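The values are calculated or read from the model by the stated rules, or taken from the named source; none is laboratory data. Remember, predicted model here, so these are calculated numbers, not experimental data. We work out accessible area using only protein heavy atoms, side chains counted, and drop any ligands, DNA or RNA first. Shrake-Rupley method; radii C 1.70, N 1.55, O 1.52, S 1.80 Å.
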Amino acid sequence: MKEKIANWRLTIRFKWTCLLSLAIFMVFGLFATLIYTSIEQALLHNEENNVRDTVSAVDSRFNVYQAPLTRQQVQRRLAPKTKRNFHDTHGRLVTESPEDFYRDSLTKQLARGDLSLVLFDTHGKPIFKMGNIDTKFERTKTTKITVVKRNAQRLKHLRALMPIYSERTKQIIGYAKITNGMRNYHRTFRQLNQKMLLVILFAILLSIILGYLLTQPLVRRIKQINRTIDQINDDPDSTARIPQQRSNDEITDLVDRFNHMLDRMQDYTNQQKEFVEDVSHELRTPVAVIEGHLKLLQRWGKDDPQVLEESIDASVSEIDRMKKLIQEMLDLTRAEQIENNYVNETTQANETIHQAYNDFVMLHPDFKINLDDTVPPKTIVKIYRNHLMQILVILLDNAVKYSRDRKEINLSVSTESNMLAIAVQDFGVGVKQEDLKRIFNRFYRVDKARSRQSGGNGLGLSIAKKIVEMYKGNISAESAVGSGTIFRVNLPLTSKKNKH
Ligand SMILES: Nc1ncnc2c1ncn2[C@@H]1O[C@H](COP(=O)(O)OP(=O)(O)OP(=O)(O)O)[C@@H](O)[C@H]1O
Ligand SMILES: [Mg+2]
């Protein structure tokens, strides 16, 4: 049913085929008209010349007379049976044989069959008629050649009206009317029309086929796009993508963009799904711990002051963890929006780094924290101050948390090729090579149990990574188990130095 309705509408293919056909047809029509008119003109010109020849032949044949033409003269002059003699205009004796007569251009013209001739005397009375022609008389002083349409078939023919002047007296001695049925002209046109019709039919057919074939790849690709959309509508997790063609055109761009959009959307939904799964998983433990303690108290613990105290302490610390977790999750989501809100923010590097350093020195007096700062004063880094602070706190916090016996941290900052380079080094437990790749993942902790004890949620590094990447920087880690870890962060500097 759906298919049927779809077939009824004006499809792109139909429209394009029609348009293309029309265009081809119009170009062809223009071309044909041009050819048609030029052939017509050439043929007409030819026929006109014929008539002109006849006119001059008639003229040269009769202008030898001085007195108005008579029937006998004309008949004798046009239909001689034997050799005859006569005097020309100059009074010379001319001998004419029948062969000469037939060689004469007038007779040759008349013998063609589509030429007709009427001769009139000076009063307009027809004195000679040859061929299919009306004998209506029109007086004229000059030769007139016109194109007229024959009544019955409305076919064009040429008509010449001419006065015959005596060469000697310069007086009109008679009139002639000549028509040229243009048989050649009409025959040529009949043939031309038949061929034109064939060619037109061929052009229409060709344009339909061409239109169909030209729209074929486009329609096929649109169908592919539709199929892919349907597939993804049916199953949002489907990894179906629109197949890419080798050609490089606008549709390829569209397909690229569309596939890219699908990738991004799916990444995004996957991330959301994972995030919700991770969060619920992370929240389950503290909630279970609190629940356990509360149940303990409910049963008998409330009467035992020691149990009561322990349970309340444990619950409060779990709630603290949950609070931290919620704050961190909030930071993580905010870090994803940096691109929109903070992208133009800048900070003076030294000032923020020194503050973070001072804070940690004060908070952890048991640690030996070394600051190696080679950053030129007033260096501006392209990051919002609180975000830079957050990165430093996350790294320093980890360095403190994962240090054991050797309580020493090296914080070094320098500038390298328009980047601010921060390195935080500790001499603690270190991370195994295979874990090193994953420590930036959300909720990833190398030693879950230990980390939980120290209050870690496994979100610090993923927040740091997200922030750094949003500001077009990069973060990496090197580590050796038992010897320590070093985290490196690079952030772009502004080219201009301004106070912030
Ligand atoms: N300096 C370090 N030395 C050794 N291991 C580290 C260091 N920094 C991070 N790690 C490992 O990487 C894991 C992830 O670190 P991250 O900062 O993301 O989470 P966390 O410190 O466990 O918790 P949170 O930072 O959310 O409080 C840690 O659990 C730890 O196993
Ligand atoms: Mg941490």
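Restricting things to alpha carbons, find the Rg to Rh ratio for the chain using the Kirkwood radius for Rh. Provide the component values of the computation, followed by the final result.
Values: Rg = 54.0 Å, Rh = 34.5 Å.
With Rg and the Kirkwood Rh in hand, the quotient comes to 1.57.
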Cα-based Rg and Dmax for region 343-492, in Å, come out at 14.7, 43
Using alpha carbon positions and the Kirkwood radius, the Rg to Rh ratio of region 282-336 is 1.17
Summing -39500 (n - 2.57) over every DSSP H run of at least 4 residues in the chain and dividing by its residue count gives a helix-only mean residue ellipticity at 222 nm, to the nearest 500 deg cm²/dmol, of -18500 deg cm²/dmol
Expressed as a percent, the accessible surface of region 343-492 that is carbon or sulfur, using a 1.4 Å probe and the full set of protein chains, is 50 percent
